[in-house]
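Asker: Below is a structure I'd like to ask you about.
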Amino acid sequence: MRKVIVLIVLIWVAFTIMGFSQAKKEEQKNRDSQSSREVITKTYILKNISPRAAQVTLNQYIYSSSFDNDGNMLTVTIPRENIVRFEELLRQLDTEKKKIFIRIFTVIASQDNKGGEIQNKELKQVLSELQKILTFNSYRLDGVSAISVRDGQHSSTLTLSSQFQLRFDLEHIAIKGNIPGSREIDFKVQLSHKLDTMISGGKEAQATNETLLESEASVKENGYLVAGVSKIGRSGDSLVLIINVEMIK
């Protein structure tokens, strides 16, 4: 009888311990669940991208965000369970973007023999190939401009060095490929000509912009691209837009 009582006591103790252990596990599980649902607020200092760009890209991981358009500080309200993934993606986004150096050549193409000597050998070769396609008799360099942009940059604008009032716009700049020397740079380009038009009986001038050309372009690294040809001025000449891109190390 005593052995039976001892056995019953042992079984009761075992079940008590198991029940206590299970209760602790459930309690910890509930704590973890509550912790994962917890909402916290964190602030990040960004170095290479704007807070707005980070907010737009990672909006699905956060509840809300705030930032100064002119600053680099991003504050987010976010579920704790999203923190690890959010910060991992933020680190990938906030990396230094590759720099691209772009040279823009404007060349005047004419039916008259009033061209000028072009010193740039690569540009001269491009025009030589272009002459096989177009019927112009001469080319002369109008101006050379340059601008530096970054991979992933949304837009950039430049007033060109030219006898004409030309505005050069780039959008959606992106590097394709990872092997140096064989990469390509994609972007959308627009070239506009600023005109002064007379109104109110010729007493006042109002500036208007005429779009000369607009296209999506892809240029090989260290390559040259004829982005377009457009009539310009009243002499019957045309303007040739040529773009050269280089990666900045």
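The values are calculated or read from the model by the stated rules, or taken from the named source; none is laboratory data. What you see is a predicted model; the values in this text were computed from it and never measured. Here the Cβ is made from the backbone with ideal geometry for all residues, glycine too, and neighbour counts use every protein chain on show.
Asker: What pairs come out if I take residues in the stretch 162-180 that are surrounded by fewer than 16 Cβ atoms within 10 Å (Cβ to Cβ) and pair them with residues that are among the aromatic types (Phe, Trp, Tyr) and in a strand (DSSP E or B) whose C-beta lies under 9 Å away, six or more apart or interchain?
Answerer: Here the result reads 171/187; 172/187; 174/187, each pair linking the stretch 162-180 to a residue that is among the aromatic types (Phe, Trp, Tyr) and in a strand (DSSP E or B).
Condition check ((1) assigned to a helix (DSSP H, G or I); (2) in the same structural domain as residue 54 (by TED's automatic domain parsing); (3) more than 30 Å from residue 61 (Cβ to Cβ)) across all residues:
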{"site": "84", "(1), (2), (3)": "yes, yes, no"}
{"site": "107", "(1), (2), (3)": "no, no, yes"}
{"site": "113", "(1), (2), (3)": "no, no, yes"}
{"site": "127", "(1), (2), (3)": "yes, no, yes"}
{"site": "142", "(1), (2), (3)": "no, no, yes"}
{"site": "147", "(1), (2), (3)": "no, no, yes"}
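Asker: What number of residues in the stretch 146-173 are among the polar types (S, T, N, Q) and within 30 Å of residue 94 (Cα to Cα)?
Answerer: Of the residues in that region, 6 qualify.
Asker: Filter the stretch 169-197 down to residues that are of a type in the set (Asp, Glu) and either outside the structural domain of residue 152 (by TED's automatic domain parsing) or over 15 Å from the mean Cα position of the chain (by Cα) (or both), then give me how many there are.
Answerer: 1
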